[in-house]
Amino acid sequence: MDKKQRKQIEVIRTRLQRLQQQLSGALKQRDDQAEVDRLRKDVATAQAELDRLKIAP
């Protein structure tokens, strides 16, 4: 894993953590279901990207 990949993983982890916090808050409020759906999709996308980077040689 080179320096660029490590940096990308770090950035994605930070973004994933922020998205998970936003999702947690949105689930507590439950006033906008569209926001919850969007955040879930964003979390899944970020997680898939992180997994892809970890597997890449």
Completion exercise
Probe 1.4 Å, heavy atoms of protein chains only: per residue, the accessible area of the chain in Å² is 77
Exercise for the section: Select one label from (1) 26.1, 96; (2) 14.6, 52; (3) 13.3, 43: the one whose number is Rg and Dmax of the Cα atoms in Å as derived from the coordinates shown. Expected result: (3)
Problem - Selected from R40, R13, R30 as most flexible by GNM, with the chain as the system and alpha-carbon contacts under 10 Å - result: R30
Handout entry: Relative contact order for the chain, counting Cα pairs under 8 Å that sit 6 or more residues apart, in percent
Key = 46
Handout entry: Computed FRET value (nearest 0.05) for K4 with A48, which takes r as the C-beta separation and R₀ as 22 Å
Key = 0.70
Exercise for the section: State to the nearest 20 debye the size of the charge dipole of the chain about its Cα centre, where the only charges are +1 on K and R beta carbons and -1 on D and E beta carbons. Expected result: 320
Handout entry: Karplus-derived HN-Hα couplings along segment 5-13 (A = 6.51, B = -1.76, C = 1.60, θ = phi - 60°), whole Hz, x at Gly and Pro
Key = 5, 4, 5, 4, 5, 4, 5, 5, 4
Exercise for the section: Taking a cut-off of 18 Å between Cα atoms, list the aspartates and glutamates near K3, but don't count ones fewer than 8 places away on the same chain. Expected result: E49, D51
Completion exercise
Residue-normalised 222 nm signal for the chain, counting each DSSP H run of n ≥ 4 as -39,500 (n - 2.57), nearest 500 deg cm²/dmol, is -31000 deg cm²/dmol
Practice task
Could you tell me how many degrees, from 0 to 90 and to the nearest 10, lie between the Cα long axis of helix 33-55 and the main elongation axis, the longest principal axis, of the Cα atoms of the chain?
Solution key: 10
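The values are calculated or read from the model by the stated rules, or taken from the named source; none is laboratory data. Quick caveat: nothing in here was measured; it's all calculated off a predicted structure. FYI the Cβ positions are ideal-geometry reconstructions off the backbone, even for glycines, and counts take in every protein chain you see. All accessible areas refer to the heavy atoms of the entire protein, side chains included, with ligands and DNA or RNA removed. Shrake-Rupley method; radii C 1.70, N 1.55, O 1.52, S 1.80 Å.
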